[in-house]
1. On the given criteria, is Ala100 in contact (Cβ under 8 Å) with a residue 12 or more places away in the chain, in the same structural domain as Tyr219 (by TED's automatic domain parsing) and either touching a Leu at 6+ places or on another chain (Cβ under 7 Å) or aliphatic (A, V, I, L, M) (or both)?
2. Out of Ile59, Ile118, report the one residue that is surrounded by 12 or more Cβ atoms within 10 Å (Cβ to Cβ), assigned to a helix (DSSP H, G or I) and at pLDDT 95 or above.
3. Mind checking whether some residue in the stretch 192-203 is closer than 24 Å to Ile105 by Cα, in contact with a helix residue (DSSP H, G or I) (Cβ under 8 Å, 6 or more places away or on another chain) and without any contact (Cβ under 8 Å) to a residue 40 or more places away in the chain?
4. Looking at Asn134, Asn183, which is the one that is modelled with pLDDT of 90 or more, part of a helix (DSSP H, G or I) and in contact with a His (Cβ under 9 Å, 6 or more places away or on another chain)?
5. Would you mind stating whether Glu108 is out of contact with any Ser or Thr (no Cβ under 8 Å at 6 or more places or on another chain), surrounded by fewer than 19 Cβ atoms within 10 Å (Cβ to Cβ) and either assigned to a strand (DSSP E or B) or on the phi > 0 side of the Ramachandran plot (or both)?
6. Under 7 Å by Cβ, and 6 or more places apart or on different chains, what pairs join a residue from the stretch 118-143 that is assigned by TED's automatic domain parsing to the domain that holds Glu202 with one that is among the polar types (S, T, N, Q) and surrounded by fewer than 17 Cβ atoms within 10 Å (Cβ to Cβ)?
Amino acid sequence: MIYKIKAIILNTVKHTDSSLIVYAYTDKFGKQTYITNCSRSAKSKNKATLFQPLFLLDIEAYNKQTANIQRIKEYKLSEPLHTVPFDIKKSTVAMFIAEALYKIIREEEPNEKMFDFIYNSVLIFDKIDKGAENFHLHFLANLSKYIGFYPNDIYDANGFFDIKSGQIRPVLPEHSLYFDAKNTQILQQLLKTQVSNIHHIELNRIQRKNFLKVMLDFYNYHFDKLSPMNSLKIFTELFNC
């Protein structure tokens, strides 16, 4: 049966000279693996460029419950991105986030709220002209709302975020997996700030670097296949963080 699906592109791998394997997060079926034809014609090559990290597509695809790889019949842009493909910093952020999502999201079941969060975040990221250097931090922090580890009290300014429990503790945990007071405050600030206002969050290079490290520690603890992040080296070199 053929379904009309909204898809967020996470990753692609060349399969043959005329086909691609596409990994996407979809509104109807969660994380899915697709195969699509891409012949050598100029038209097909141009269409194949739509499978870039975090591109938002409308696709028509077969869905067989017994198949590990589904086949795409047709595809087109759902929402064109006007800055992400052309801004080197934004496209690198998109590559980093897409890789993180590819490793974090595992379920092949729909999650409407998480899909909408990711989809709308991409659209807002494409529009903002300030604060792009904080977007990945805001995104990773707020993604926690949809995977079951959202902090219990984001207004406890004097606490410590416990990576194991996903909660803010009033005293230091009896283990080493926690955010220190400063990173806990940054986490709270990111969770309380709308993505369109992230330019109001003032973080220096060292603060961004330190927060990204503990945020990745958090995801690595709960999703053991997150590391290594192949895009992280490019990302940190570009942003000097």
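1. yes
2. After applying the criteria, what remains is Ile118.
3. The answer is no; no qualifying residue exists.
4. One residue alone meets the criteria, Asn134.
5. no
6. Ile124/Ser196; Asp126/Thr83; Ile128/Ser196
The values are calculated or read from the model by the stated rules, or taken from the named source; none is laboratory data. What you see is a predicted model, and the numbers here were worked out from it, not measured in a lab. Here the Cβ is made from the backbone with ideal geometry for all residues, glycine too, and neighbour counts use every protein chain on show.
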